[in-house]
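This report concerns only the one structure given below.
The values are calculated or read from the model by the stated rules, or taken from the named source; none is laboratory data. Predicted, not measured: the structure shown is a model, and the values here were computed from it. Cβ sites come from the backbone with ideal geometry, for glycine too, and all protein chains shown count toward neighbours. Accessible surface is based on the protein model in full, side chains and every heavy atom, while ligands, DNA and RNA are left aside. Shrake-Rupley method; radii C 1.70, N 1.55, O 1.52, S 1.80 Å.
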Amino acid sequence: MLSPAAAAAAAVRAAVGSPSAVRGAHARLLKEGLSHLPPAHALLVSAYARSGLLADARSVFDDAPSRDLHLYSALFAAVSHSPTPALALPLLRRMLSDDALRPDHFVLASLASAAARLRSLRLGRQLHAHFVASPYSGDDVVKSSLIDMYCKCGVPEDAQKVFDSIGVKNSVVWTALVSGYASNGYTDEAVELFQSMPARGLFTWTALISGFVKAGNNASAVGMFVEMRRDGVRIDDAFVLVTVIGGAADLAALVLGRQLHGFALRLGFLSSMIVGNALVDMYSKCTDIHSAREVFEGIIVHDTISWTTILVGEARHGRAEEVLSLFDRMIHAGVKPNEVTFVGLIYACSHAGLVQKGRQLFESMKLEYGMKPGLQHYTCYLDLLSRSGHLSEAEELITTMPYEPDEASWGALLSACKKHNDAQMCLRVADNLLELRPKDPSTYILLSNVYAVNCKWDSVAKVRKIMAEMEIRKEPGYSWIEAGKEFRLFHAGEVPIDVREEITGFLEELVSEMRKRGYVPDTSSVMHDLEDHEKEQHLFLHSERLAVAFGILKSPPGSVIRVVKNLRVCGDCHTAMKFISEILQRKIIVRDASRFHHFEGGKCSCSEFW
């Protein structure tokens, strides 16, 4: 039979994960007079923390009559895995000064985990130096934590040095370093290390693939997934599939996404909520919002992420009515929205000109849901007001909001001022934006054109000078398209030689017909130091036009043309797409850096709110 102390300890361990059960076990310890025993405090600190009750864990720690390494170790482990890992620093100071204790290997491992979470390379190096000089310098668990820390701080080459110092390497350290190389963009090193592993299981394959996706190397992620399938690795966990679906979404590879959907179906993973959510996101980002909606409606139980994913997807496709209807269903289902949900809601209102509804939703964040709007919410709300012509209110908001306006905030207001031809406000806003020395090259083009239109040539020169000093170059525009089994990438100003004659001839015919129907080139997005004919030629060779022309020439009649662009579609290309959709009676969907545009019958789904 267990002693009362052992029975109480077992009850505490069994209660982990249930806040009420942990509190009940704590009450039992107090009632039976066992809470003073040394192991009780460490057990309770760990149990409270693992049940999401860090404040209760801290209270038990503070109430302990004495604090030893076991108690500190329990709290450090809790803090390092909590949403507030920075709390480890004052706790360390307290341990060293108040209780005169030196960290052991358990504490050092937790501190390394906290440094990794904080992305604090300075703290990580200090810990490493202390570890090397400590009696625990050979501990492989601490070394594993240091490898993870260096990888998350962006220096996998330092992680490699720690890795090389480990005598017998287990799969955890191999996997940590493989993931570290992959997620930091060291593709060759990641693959080489991966291939040298003595054994590779699903966990390691998943780490490599997710590392590639994290680094934006989606093509390599997909390639490794294909290789994993050839290797006969059994997929009994949905996470790797979710990761590759995310890679297909970022690539906007619709055909691949559909294949992965079929694969998930064959493996029996469609009942998984995380797979369903990933498919909704993938179809939305791959321009097929209707398939995204079908998948969403097929998910049996929707959580906040499910609702938010489809809601944000519908918003980016300019379907404001569907967004608001979905939100009503979400609330009716008893699912609480989060901060991202409101970004999607206000964004949808902004791109549909629904000012009053947007105001109501912004206010409801604070009044109904107790959320503090963040800078992104204020920027979306500012965009809503300024796009709809409420420029004075928008300017007042940007100067009174509880955040320092950033480049996106001032840029949104400047674009709206330019659109609504408010010259005086344009110049005021442009001056504020220029003071930030923005990073986005397109912002400088906007600033230069605003100043040039208003004959502020000194300011134009200042813009050019800052661009030169900061070595800012306009990011080259490129677009890609899947037409049948062919995948093509087009860069602005460059027509591939094998289709050059075909595409340019086709576009010339289209422009001729467009002019007959009233098309006049809009060169306002082109730098002002070019001649008019040069500006028009510049527009003629924008990447999205080349991609659309290729798609029309290479796809079956009546099929949807789907194009993805890395930058925002310019005003002239937006107009051209409307003309092309009407002339050729083809639906064209363009995903740019801001949103989706569905062109059909001479109109766009954005209704000019973009």
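Which one is farthest from Gly477 (Cα to Cα) among residues in segment 540-586 that are among the β-branched types (Val, Ile, Thr) and touching a strand residue (DSSP E or B) at 6+ places or on another chain (Cβ under 8 Å)? Walk me through how you get there before you give the answer.
We begin by selecting, within segment 540-586, every residue among the β-branched types (Val, Ile, Thr); these are 548, 552, 560-561, 563-564, 569, 575, 580, 583.
Pick out the ones that are also touching a strand residue (DSSP E or B) at 6+ places or on another chain (Cβ under 8 Å) and you get 548, 552, 560-561, 563-564, 569, 580.
Numbers: Val548: 14, Ile552: 20, Val560: 22, Ile561: 19, Val563: 13, Val564: 11, Val569: 10, Ile580: 21 Å.
Filtering segment 540-586 for residues that are among the β-branched types (Val, Ile, Thr) and touching a strand residue (DSSP E or B) at 6+ places or on another chain (Cβ under 8 Å), the one farthest from Gly477 (Cα to Cα) comes out as Val560.
Would you point out the residue of segment 588-607, among those that are among the small types (Gly, Ala, Ser) and at pLDDT 90 or above, that is least open to solvent (accessible area, probe 1.4 Å)?
As a first pass, look at segment 588-607 and keep what is among the small types (Gly, Ala, Ser): 593-594, 601-602, 605, 607.
From the residues that got through so far, the ones that are at pLDDT 90 or above too are 601-602.
Numbers: Gly601: 44, Gly602: 24 Å².
In this case the residue turns out to be Gly602.
So, in segment 269-301, how many residues would count as being open to solvent by 40 Å² or more (accessible area, probe 1.4 Å) and either closer than 24 Å to Asp237 by Cβ or in contact (Cβ under 8 Å) with a residue 12 or more places away in the chain (or both)?
Residues of segment 269-301 open to solvent by 40 Å² or more (accessible area, probe 1.4 Å): 270-271, 273-274, 281, 285, 290, 293-294, 297-298, 300-301.
Then drop every residue that is not either closer than 24 Å to Asp237 by Cβ or in contact (Cβ under 8 Å) with a residue 12 or more places away in the chain (or both), which leaves 270-271, 273-274, 281, 285, 293, 298, 300-301.
Within segment 269-301, residues that are open to solvent by 40 Å² or more (accessible area, probe 1.4 Å) and either closer than 24 Å to Asp237 by Cβ or in contact (Cβ under 8 Å) with a residue 12 or more places away in the chain (or both) number 10.
If the condition is being part of a helix (DSSP H, G or I) and either more than 25 Å from the chain's Cα centre (by Cα) or closer than 14 Å to Lys152 by Cβ (or both), then segment 203-217 contributes Ala207, Ser210, Gly211, Lys214. Which of the following residues is within 31 Å of the chain's Cα centre (by Cα), among the polar types (S, T, N, Q) and closer than 17 Å to His130 by Cβ: Ser73, Ser51, Ser80, Ser97? Result of the check over Ser73, Ser51, Ser80, Ser97: Ser80.
What are the residues in segment 122-143 that are in a helix (DSSP H, G or I) and open to solvent by 30 Å² or more (accessible area, probe 1.4 Å), if any? Walk me through how you get there before you give the answer.
Looking only at segment 122-143, we keep the residues that are in a helix (DSSP H, G or I), and these are 122-133, 140-143.
The answer is Arg122, Arg125, Gln126, His128, Ala129, His130, Val132, Ala133, Asp140, Val141.
Among the residues that make up segment 310-322, is at least one of them under 22 Å from Val240 (Cα atoms), among the charged types (D, E, K, R) and open to solvent by 30 Å² or more (accessible area, probe 1.4 Å)? The answer is no, given that none of the residues of segment 310-322 is under 22 Å from Val240 (Cα atoms), among the charged types (D, E, K, R) and open to solvent by 30 Å² or more (accessible area, probe 1.4 Å). Taken over segment 404-430, the criterion of being more than 19 Å from His390 (Cα to Cα) and free of Cβ contacts under 8 Å to residues at least 12 places away in the same chain is satisfied by Glu404 alone. For segment 302-309, indicate whether the set of residues that are touching a strand residue (DSSP E or B) at 6+ places or on another chain (Cβ under 9 Å) and crowded, with 20+ Cβ neighbours inside 10 Å is non-empty. No; the residues of segment 302-309 include none that is touching a strand residue (DSSP E or B) at 6+ places or on another chain (Cβ under 9 Å) and crowded, with 20+ Cβ neighbours inside 10 Å. Looking only at residues of segment 329-369 that are charged (D, E, K, R) and assigned to a loop (DSSP other than H, G, I, E, B), we find that the one that is surrounded by the fewest Cβ atoms within 10 Å (Cβ to Cβ) is Lys336.
Scan segment 174-187 and tell me whether some residue there is in contact (Cβ under 8 Å) with a residue 12 or more places away in the chain, open to solvent by 40 Å² or more (accessible area, probe 1.4 Å) and at positive phi. Taking every residue of segment 174-187 in turn, at least one turns out to be in contact (Cβ under 8 Å) with a residue 12 or more places away in the chain, open to solvent by 40 Å² or more (accessible area, probe 1.4 Å) and at positive phi.
Look through segment 542-587, keep the residues that are among the small types (Gly, Ala, Ser) and assigned to a helix (DSSP H, G or I), and return whichever of them is most open to solvent (accessible area, probe 1.4 Å). Talk me through it step by step, then tell me what you get.
Going through segment 542-587, the residues among the small types (Gly, Ala, Ser) turn out to be 543, 547, 549, 551, 555, 558-559, 571, 576, 581.
If we keep only those that are assigned to a helix (DSSP H, G or I) too, we end up with 543, 547, 549, 551, 571, 576, 581.
Numbers: Ser543: 2, Ala547: 0, Ala549: 2, Gly551: 1, Gly571: 27, Ala576: 1, Ser581: 1 Å².
Within segment 542-587, the match that is most open to solvent (accessible area, probe 1.4 Å) is Gly571.
Quick check on my filter: what residues within segment 370-403 are outside any loop (DSSP other than H, G, I, E, B) and more than 26 Å from the chain's Cα centre (by Cα)?
Within segment 370-403, the first condition is being outside any loop (DSSP other than H, G, I, E, B), and the residues that meet it are 375-387, 391-400.
Leu391, Ser392, Glu393, Ala394, Glu395, Glu396, Leu397, Thr399, Thr400 - these are the residues of segment 370-403 that are outside any loop (DSSP other than H, G, I, E, B) and more than 26 Å from the chain's Cα centre (by Cα).
For segment 401-426, filtered to residues that are over 14 Å from His377 (Cα atoms) and among the polar types (S, T, N, Q), the residue that is least open to solvent (accessible area, probe 1.4 Å) is Ser415. Restricting Ala176, Ala159, Ala190 to those that are assigned to a helix (DSSP H, G or I), touching a Cys at 6+ places or on another chain (Cβ under 7 Å) and more than 30 Å from Met273 (Cα to Cα) reduces the list to Ala159.
Taking each residue of segment 244-259 that is of a type in the set (Ser, Thr, Tyr) and looking for partners that are crowded, with 24+ Cβ neighbours inside 10 Å with beta-carbon atoms closer than 7 Å, six or more apart or interchain, yields nothing. Can you confirm whether segment 102-121 contains a residue that is surrounded by fewer than 20 Cβ atoms within 10 Å (Cβ to Cβ), aromatic (Phe, Trp, Tyr) and under 30 Å from Leu54 (Cα atoms)? Yes. The set of residues in segment 433-455 that are buried (at least 17 other Cβ atoms within 10 Å of the Cβ) and either touching a strand residue (DSSP E or B) at 6+ places or on another chain (Cβ under 8 Å) or free of Cβ contacts under 8 Å to residues at least 40 places away in the same chain (or both) comprises Leu433, Leu434, Pro438, Thr443, Tyr444, Leu446, Leu447, Val450, Tyr451.
For segment 489-535, enumerate the residues that are closer than 22 Å to Ser415 by Cα and either at pLDDT 70 or above or not in a helix (DSSP H, G or I) (or both). Once the filter is applied, which keeps residues that are closer than 22 Å to Ser415 by Cα and either at pLDDT 70 or above or not in a helix (DSSP H, G or I) (or both), segment 489-535 yields Val520, Pro521, Asp522, Thr523, Ser524, Ser525, Val526, Met527, His528, Asp529, Leu530. Applying a threshold of 8 Å to beta carbon distances and a minimum spacing of six or more residues, or different chains, the list of pairs starting in segment 464-476 at a residue that is of a type in the set (Val, Ile, Thr) and ending at one that is in a helix (DSSP H, G or I) and surrounded by 14 or more Cβ atoms within 10 Å (Cβ to Cβ) reads Ile466/Leu434; Ile466/Tyr444; Ile472/Pro441; Ile472/Tyr444; Ile472/Ile466.
Among the residues of segment 25-40, is there at least one that is at pLDDT below 80, open to solvent by 60 Å² or more (accessible area, probe 1.4 Å) and touching a Gly at 6+ places or on another chain (Cβ under 8 Å)? So far as segment 25-40 goes, no, none of its residues is at pLDDT below 80, open to solvent by 60 Å² or more (accessible area, probe 1.4 Å) and touching a Gly at 6+ places or on another chain (Cβ under 8 Å).
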